[in-house]
Amino acid sequence: DVPVVDIDPFSDAFLSDPYDAHRQMREAGPVVWIPAYGVYACARHESVHAVFNDHATYISGAGVGLANFNKEAPFRPKSLILEADPPSHTKARAVLARILSPKTVVQVRATFTDEAESLVDRLLARQAAGEVIDAVKDLSEVYPLKVFPDAVGVGEADRENLLLYGNMIFNAFGPRNERLQKSAELVQPVTAWIMAHCQRENLRPGGFGDLIYQAADAGEITHEEAPLLVRSFLSAGVDTTVNGIGNAILCLANHPEQYDSLCADHTLARPAFEEALRFESTVQTFFRTTSKDTALFGVQMPKDSKVMTFLAAANRDERQWPDPDRFDIQRRPAGHMAFGSGIHGCVGQVIARLEGELVLTALAKRVSRIELIGAPQRRLNNTLRALGSMPVRLIPA
Ligand code: HEM
Ligand SMILES: O=C(O)c1ccc(C2CC2)cc1
């Protein structure tokens, strides 16, 4: 029967350094039981991939966090895409996929590039004037908070609410622990701000948010659904890239020889960002719920069971990757699980990759070395691999 693994995947200790526990779960088998939360868990690449690619058996409509929406009320009204199954998922997905498409990337690339390059220029000037630069507070939290809300069409004021909201949403996929309670204290004012900025009158005409309302005008979705789909942009589109970029900068600071390769060949910016996603996996875990009694790699699971997938563990599975604990920007990590897989695979990944590529390119052009000043501080979150601060010295090229 199913191997039992006695870990708490939401404890401070686990969230600070999950890698030994990931290995313990992978060694125990493709499917294990975590008694602490009464959930099945997959940590191997083969089983995480299998769960994400059988959306009829492992559904999203009962929530993609620990909470089973068949048994308890959702933290907030369900997402029409993330927490939905076909057929309703299909239409919402088609609308967002068209907006967040490679064609859109061509249209925004010049603006996103200018923002990255001018931001790095300003940081070097501030550093030359005697300031210590924090790669989180001054760079990885600043760039995504400028380019993506601008593209969505959100006003400039109070955008830090997007970081507070993302922190809350990603904590809410975990248990109602002290971490979630703390971030939920802000839930009322922040949620009010978010929902106000999903209304058409508060969105710049022609921006990504307005394009959702235009899809409603065209009858693809209803006007009642439109604000909730804009909420998906504001929920998923900022805290993810903030930490994807922050984790990539930390990996390059910790591996100066890899950063040297990037400075010598800027086309390595995209593969470097991809390898950082595999190596540090911004989104660490997601859940599914079984829609029927089923067996996965020989483990019987009753209907309505929660299955926890450890994307971060799959991304370091030695069965899938040679020398998985080595950060190697020449690796070409195709098939990693950092964006998920299957019908719910990240619909914003082209935008995420664009932001990562442009920040790393802007740094590689202007900075010959990223030196850490002191130890970076983590920002522990139930779902995200996140940083709180990273004081650095940016050695000018
Ligand atoms: C480094 C940055 C990012 C990472 C690591 C990431 C990761 C993920 C993952 C793992 C999923 C799968 C969720 C599941 O299977 O239940 C996902 C879905 C999604 N992502 Fe991303 N994401 C990132 C950036 C973005 C951006 C910039 C957007 C823009 C709005 C976005 C919007 C979404 C949406 C709407 C979904 C739900 C798709 C669906 O359920 O069909 N993400 N993302
Ligand atoms: O639709 C949403 O609200 C939504 C929230 C969070 C995500 C995570 C996976 C990036 C995706 C979608």
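Listing for the model above:
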read-out	value
Dimensionless Rg over Rh [the chain; C-alpha; Kirkwood]	0.95
Mean ellipticity per residue at 222 nm, deg cm²/dmol - from DSSP H runs of n ≥ 4 across the chain, formula -39500 (n - 2.57)	-14000 deg cm²/dmol
Computed FRET value (nearest 0.05) for Q188 with E371, which takes r as the C-beta separation and R₀ as 35 Å	0.25
Whole-Å distance, taken between Cα centres, linking region 168-185 and region 142-162	23 Å
Listed residue (Q181, A226, T241) projecting farthest to the positive dipole end of region 180-287, Cβ model	Q181
For the chain, built as a Gaussian network whose Cα springs stay under 10 Å, the top-fluctuating residue of A172, A56, A43	A56
Accessible surface of the chain [probe 1.4 Å, protein heavy atoms]: carbon and sulfur percent	56 percent
Choice from T309, T361, T111 with maximal GNM fluctuation in the chain (Cα, 10 Å cutoff)	T111
Cα-Cα pairs of region 258-313 separated by more than 20 Å (percent)	50 percent
Net length gained if the chain between A295 and A110 were fully extended (0.36 nm per residue, minus Cα distance)	61.7 nm
The chain: Lys pairs at Cα distance under 22 angstrom, eight or more positions apart or on different chains	16
Fraction in percent of alpha-carbon pairs per bin - 10 Å, region 7-131	10, 23, 24, 24, 16, 3
Loop-located trypsin sites (Lys or Arg not before Pro) in region 312-369, at most 16 other Cβ atoms within 10 Å (DSSP)	R319, R326
Positive minus negative residues near H22 (Lys, Arg vs Asp, Glu; Cβ under 14 Å)	-1
Region 245-292: trypsin sites (Lys or Arg not before Pro) in DSSP coil with no more than 11 other Cβ atoms inside 10 Å	K292
Theoretical FRET efficiency, 1/(1+(r/R0)^6), r = Cβ-Cβ of A196 and E220, R0 30 Å, to 0.05	0.80
Prolate/oblate/rounded label for region 66-179 (Cα gyration tensor, a/c 1.5)	oblate
Cut-off 13 Å between beta-carbons: net charge of the residues surrounding H255, Lys and Arg +1, Asp and Glu -1	-4
Pairwise label distance in nanometres, E318 with A334, each label 7 Å out on the Cα-Cβ vector	2.6 nm
Computed E for D158/E27 - FRET, C-beta separation, R0 51 angstrom, nearest 0.05	0.60
At least 15 Å along the helix axis (C-alpha) and Kyte average at least -0.5, DSSP helices within the chain	88-99, 102-128, 160-172, 226-236, 239-254, 349-366
Region 170-247, relative contact order [Cα under 8 Å, separation at least 6], %	21 percent
Along the chain, longest interval not containing exposed GluC sites (Glu not before Pro), exposed being DSSP loop plus at most 16 other Cβ atoms within 10 Å	225-317
Mean separation of Cα contacts under 8 Å, 6 or more apart, over the residue count of the chain: relative contact order %	26 percent
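The values are calculated or read from the model by the stated rules, or taken from the named source; none is laboratory data. Treat the numbers as computed from the prediction; the structure is a model and nothing was measured. Positions of Cβ are backbone-derived with ideal geometry, glycine not excepted, and every protein chain shown enters the neighbour counts. Note: areas computed on protein heavy atoms with side chains; ligands, DNA, RNA excluded. Shrake-Rupley method; radii C 1.70, N 1.55, O 1.52, S 1.80 Å.
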